[in-house]
Amino acid sequence: MKILFLAENYLLIFVRMRFTFGKEEKLKSRKQIEKLFAEGNTVKEFPILMKFLKVDESDFPVKAAFSVPKRNFKLAVHRNRIKRLLREAYRLNKHILFNNIEGKYVIMFIYTDKTEWNYVDLEEKMIIVLNKFIKKQKTEI
């Protein structure tokens with residue numbers, strides 16, 4: 001739902017955002033993931049590595065996926081917990097992306113540390129990574 005306001009000769013658009021991470025937002029296409037790793041760019045903020053690629057054929061503005069290497073965390077329980085924390089941090093802060101980018105992107109978040117972080121610290125790093133991504137996009141345009 002978009003709400004339009006006219007204030008002092010400026011048109012302000014506020015997008016009412018739902019804090020969900022639904023099926024249509026998840027990156028699942030093997031072709032897009034292969035293309036992302038082959039041609040994509042990178043933004044880093046330890047312990048999060050963000051690979052991204054601008055695409056045309058996406059049906060949603062940003063499609064995201066999350067990965068935790070088996071090499072760093074042998075037990076699936078630990079990998080799944082970290083992915084859950086990353087998804088939650090993204091879900092609550094994706095409005096930063098949606099309000100500041102143009103075009104459609106596929107994104108992969110990769111956790112690179114060998115120890116588990118708590119949610120508060122991961123969320124801070126997620127916000128930093130998203131802001132770095134936005135700055136990188138603004139400089140490329």
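The values are calculated or read from the model by the stated rules, or taken from the named source; none is laboratory data. In this text the structure is predicted, and so the values were computed from the model without any measurement. Here the Cβ is made from the backbone with ideal geometry for all residues, glycine too, and neighbour counts use every protein chain on show.
Residue-wise test of (1) among the small types (G, A, S); (2) farther than 20 Å from Q137 by Cβ.
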{"site": "S29", "(1), (2)": "yes, yes"}
{"site": "N41", "(1), (2)": "no, no"}
{"site": "K51", "(1), (2)": "no, no"}
{"site": "K63", "(1), (2)": "no, no"}
{"site": "V68", "(1), (2)": "no, yes"}
TODO: Could you tell me whether K28 is among the basic types (K, R), surrounded by fewer than 14 Cβ atoms within 10 Å (Cβ to Cβ), assigned to a loop (DSSP other than H, G, I, E, B) and out of contact with any strand residue (DSSP E or B) (no Cβ under 9 Å at 6 or more places or on another chain)?
DONE: no
Open item on the list: So, in region 1-17, exactly how many residues are surrounded by 10 or more Cβ atoms within 10 Å (Cβ to Cβ) and either modelled with pLDDT of 75 or more or in a loop (DSSP other than H, G, I, E, B) (or both)?
Closed with: 1
- [ ] From F37, F60, F66, F52, grab the single residue that is in a helix (DSSP H, G or I), aromatic (F, W, Y), closer than 22 Å to N131 by Cα and within 17 Å of the chain's Cα centre (by Cα).
- [x] F37
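Just for region 74-108: of the residues that are among the hydrophobic types (A, V, I, L, M, F, W, C) and part of a loop (DSSP other than H, G, I, E, B), which one is surrounded by the most Cβ atoms within 10 Å (Cβ to Cβ)?
The initial filter retains those residues of region 74-108 that are among the hydrophobic types (A, V, I, L, M, F, W, C), namely 75-77, 82, 85-86, 89, 92, 96-98, 101, 106-108.
Those left that are additionally part of a loop (DSSP other than H, G, I, E, B): 75, 101.
Values: L75: 9, I101: 18.
Only one residue tops the list, namely I101.
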Task: Candidate set from region 109-141 (those that are loosely packed, with under 12 Cβ neighbours inside 10 Å, β-branched (V, I, T) and in a helix (DSSP H, G or I)); member that is modelled with the lowest pLDDT - done: T139
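Find the residue count for region 99-139, including only residues that are small (G, A, S) and closer than 15 Å to F66 by Cα.
The initial filter retains those residues of region 99-139 that are small (G, A, S), namely 103.
Retained after the next criterion (residues that are closer than 15 Å to F66 by Cα): none.
Selection size over region 99-139: 0.
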